[in-house]
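The values are calculated or read from the model by the stated rules, or taken from the named source; none is laboratory data. Everything numeric here is computed off the predicted structure, so don't read it as measured data. Ideal geometry is used to build each Cβ from the backbone, glycine not excepted, and the neighbour counts take in all protein chains shown.
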Amino acid sequence: MTRPPKTGPFTRLLIANRGEIALRILRSARAMGITCVTVHTRADADSPHVRLADDSLCIGEGPPADSYLSIAALIAAARTCGAQAIHPGYGLLSENAGFATACDRAELIFIGPSAEAIARMANKSGARQHMAAAGLPCVPGYDGADQAPGRLADEAARIGYPVMIKASNGGGGRGMRLAEGPYAFDTALRQAQAEAATVFGSGHVLLEKALDDPRHVEVQILADAHGTLLHLGERDCSVQRRHQKVIEEAPAPGVTPALRAEMGAAAITAARSIGYVGAGTVEFLLDSSGRFHFIEMNTRLQVEHAVTEAITGVDLVQEQLRIAQGSPLGRAQDDIRFEGHAIEARLYGEDPAENFAPQAGRLALWQPGEGVRVDAGVESGQVLSTHFEPLLAKLIAHGRTRDDARLSLRRALQQTLVFGVTSNRDMLIDALGHPAFASAAVHTGFLAEHFPRISAMTLSAGEIAVGAALFYWRAAEEAAAQTPHVPPELRSWSSQGALNRQLRLRATQGVLPPGLAEADGAVILRVEDQGDQLQIRVGVLTLTLARDRDAKGQMRILLDGAPVRLRAQVFDGAQLHLATEQRIFALMLCPKSSPDRSQVARGELHAPHSGRLQELRRGVGDLVQEGEVLLVLHGVSGPQDIRAGQTGRIVALPVVAGDQVLRGDLLCRIVASEGAVEAIPAAV
């Protein structure tokens, strides 16, 4: 049994987090009359969670290690603003026992369980052992101290393949690898241990039998300091990518009232066995026979808590705050009722076609769909940093039936506009519309099974032509403003007839059709202005573009006589973001082509994704060979070698080691050498 956490009255709360969860906590706390103070770095000083708080304190420059993960900085901020309590949110320090201890020593109320409870559940091996002793069913596995590779291989053979290798101190899907058989075990073990050591500071792992197509089902619990424990039903979180949840729902499809009661009782037993106080989640794997197995306990508020709130009507954040104030729960298990069905989708700034690489940059437009709850932490014009997880928002639909909620959420996602960064919006729309999801045939391998290869959206010739027309019309309007004395009917004509202009466009969201682009990725279009319409040649096709107004007086575009409904269009410098009824894409206006453009393209190295420049192996003036590693870029997925596209000499290197770069940033420029380059050392 652990010592209960400190509780007591408070009127001023420090929210030790950022973005969406900071705003979520702020709404509930303010409704209770609590003054809310947030923290921020210089990098996100203009974020909504800063502006909407009663006050906000700067705690660092930008990197999380020096700000949001700095216990000393957060305790100092609480003392400065006079807060009596700290809410850690989720992620960051929310499950850090050292932070809870520091709050206790500073006589601050930590909105969460005791440091002892956090520590006991933080180590997955220890948690498995404890819960097995408490009588909870666990997945067959090995959680011993002997980490010798030979012993682990023997244990994997005893358990039986396939085997899941998991970081003992891990979470969030990091430090996990699946070994399908003995042939794959050694490599999977090395990868899991290396990632675990990097992310969690320890390479200690545990082994679990990998169940066939299990479902990830978790139970929400609440426990006050007076001995009352309740469960608020379960959530199904099976739709995942890289072991991280993407779509969650409540109640879990197919879970009967009897199974719900059994799982709920097991979750309460787990919480009671460690003297738990606060909101928490006990996670299980549910196999095809309906048997459940304990995997871990999350000692914090979950990202997906909103679906439970929707079907129970219980504000979980307010319950956390009341528990921390020392109040009893004020309800019994029989008081918990479930109404309808709720589904949540996590909208990330990430590129599913690039292995879900996180995106960063300026959010040119953020416009969520209607008819659903939206928990967001971003706004139009905000610059998204590479320092933090790229969660943009959560969209939560609540309906009378599961299908009502599913269709409502899908419709809202189709209405949602995200300009400036690539998002997983289209993947979520496709997943919610898949027949297997519609029939509730979900499991942890759902995305891998039904979406094994997600390709970037290929633009049509019509979409490219629409973009070209909008660029042309904008330029024509700017020219007209500068030459008001020229009659409109003469602006598009010369003595040789209709003016013919060449445009070069590159797709910055979506990809151009195969065979259409030059070596540098741009497409050349020829635009003939005929006054009342444009003739645009895209490859071998010639398309007609015109503008008129519909019955409501709204401007519309006609493509070969058929109306094209643009839901939104935003110019952001040389970039144009467009949304049609079904698709979001972006095009960039490029400088005119030069004769050696393909050679220049091969000589320019651009960042393939956002991240930190970990290493520079060459300098300006160096001779390099094609294929040689010149830089190492570290993103969320780890380090990536950036290689020379041609043999030559480096003439520009506008970055230094340690720089944070955005996708598309120029990293290096190489001028091709004449003939072979001699005496160039091999890459190290």
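Summary of values
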{"item": "Considering residues of segment 642-664 that are over 28 Å from R362 (Cβ atoms) and not in a loop (DSSP other than H, G, I, E, B) only, the residue nearest to the chain's Cα centre (by Cα)", "result": "R643"}
{"item": "Selection count where residues are assigned to a strand (DSSP E or B) and small (G, A, S), scope segment 206-228", "result": "1"}
{"item": "Filtered residue count, segment 211-229, keeping only those that are surrounded by fewer than 21 Cβ atoms within 10 Å (Cβ to Cβ) and among the hydrophobic types (A, V, I, L, M, F, W, C)", "result": "3"}
{"item": "Matching residues in segment 1-33 - criterion: being within 15 Å of R300 (Cβ to Cβ) and assigned to a loop (DSSP other than H, G, I, E, B)", "result": "P5, A16, N17"}
{"item": "Residue count for segment 240-254, restricted to those that are more than 15 Å from I396 (Cα to Cα), assigned to a strand (DSSP E or B) and not polar (S, T, N, Q)", "result": "1"}
{"item": "Members of segment 273-299 that are crowded, with 23+ Cβ neighbours inside 10 Å and in a loop (DSSP other than H, G, I, E, B)", "result": "I274, Y276, V277, T299"}
{"item": "Qualifying positions in segment 553-563 - farther than 18 Å from R474 by Cα and touching a strand residue (DSSP E or B) at 6+ places or on another chain (Cβ under 8 Å)", "result": "D560, G561, P563"}
{"item": "Any hit, segment 63-80, residues being in a loop (DSSP other than H, G, I, E, B), over 23 Å from F200 (Cβ atoms), at pLDDT 95 or above and of a type in the set (G, A, S)", "result": "no"}
{"item": "Among residues of segment 155-172, those that are exposed (fewer than 15 other Cβ atoms within 10 Å of the Cβ), touching a residue at least 24 places away in the same chain (Cβ under 8 Å) and part of a helix (DSSP H, G or I), counted", "result": "1"}
{"item": "Hits in segment 90-128 (condition: of a type in the set (V, I, T) and not in a loop (DSSP other than H, G, I, E, B))", "result": "T101, I109, I118"}
{"item": "Selection within segment 65-110 - in contact with a His (Cβ under 9 Å, 6 or more places away or on another chain) and farther than 20 Å from N298 by Cβ", "result": "S67"}
{"item": "Strands (runs of 3 or more DSSP E) lying entirely in segment 505-594 (those with 3 or more residues that are surrounded by 14 or more Cβ atoms within 10 Å (Cβ to Cβ), β-branched (V, I, T) and not assigned by TED's automatic domain parsing to the domain that holds L363)", "result": "522-529"}
{"item": "So D104, is it over 30 Å from A72 (Cα atoms), of a type outside the set (S, T, Y) and either surrounded by 17 or more Cβ atoms within 10 Å (Cβ to Cβ) or within 33 Å of the chain's Cα centre (by Cα) (or both)", "result": "no"}
{"item": "Leading residue by the ranking (surrounded by the most Cβ atoms within 10 Å (Cβ to Cβ)) among those in segment 65-80 that are closer than 14 Å to A22 by Cβ and out of contact with any Ser or Thr (no Cβ under 6 Å at 6 or more places or on another chain)", "result": "L74"}
{"item": "Meets criteria (within 30 Å of the chain's Cα centre (by Cα), among the aromatic types (F, W, Y) and at pLDDT 95 or above) for F284", "result": "yes"}
{"item": "Sole residue being of a type in the set (A, V, I, L, M), under 29 Å from G126 (Cα atoms) and surrounded by fewer than 20 Cβ atoms within 10 Å (Cβ to Cβ), chosen from A266, A261", "result": "A261"}
{"item": "So H231, is it part of a loop (DSSP other than H, G, I, E, B) and more than 30 Å from R151 (Cα to Cα)", "result": "no"}
{"item": "Boolean, P182 is touching a residue at least 12 places away in the same chain (Cβ under 8 Å) and over 26 Å from the mean Cα position of the chain (by Cα)", "result": "yes"}
{"item": "Number of the exception - S327 against (1) crowded, with 21+ Cβ neighbours inside 10 Å; (2) more than 30 Å from R128 (Cβ to Cβ); (3) among the hydroxyl-bearing types (S, T, Y)", "result": "(1)"}
{"item": "Some residue of segment 312-327 being within 27 Å of F451 (Cβ to Cβ), within 24 Å of the chain's Cα centre (by Cα) and touching a residue at least 12 places away in the same chain (Cβ under 8 Å)", "result": "no"}
{"item": "Residue match in segment 478-489 (condition: at pLDDT 90 or above and either surrounded by 16 or more Cβ atoms within 10 Å (Cβ to Cβ) or in a loop (DSSP other than H, G, I, E, B) (or both))", "result": "no"}
{"item": "The listed residue being crowded, with 21+ Cβ neighbours inside 10 Å and small (G, A, S), out of G150, G201, G175", "result": "G175"}
{"item": "Some residue of segment 52-61 being of a type in the set (D, E, K, R) and either assigned to a helix (DSSP H, G or I) or within 21 Å of the chain's Cα centre (by Cα) (or both)", "result": "no"}
{"item": "Some residue of segment 302-310 being over 16 Å from Y90 (Cα atoms), out of contact with any strand residue (DSSP E or B) (no Cβ under 7 Å at 6 or more places or on another chain) and at pLDDT 95 or above", "result": "yes"}
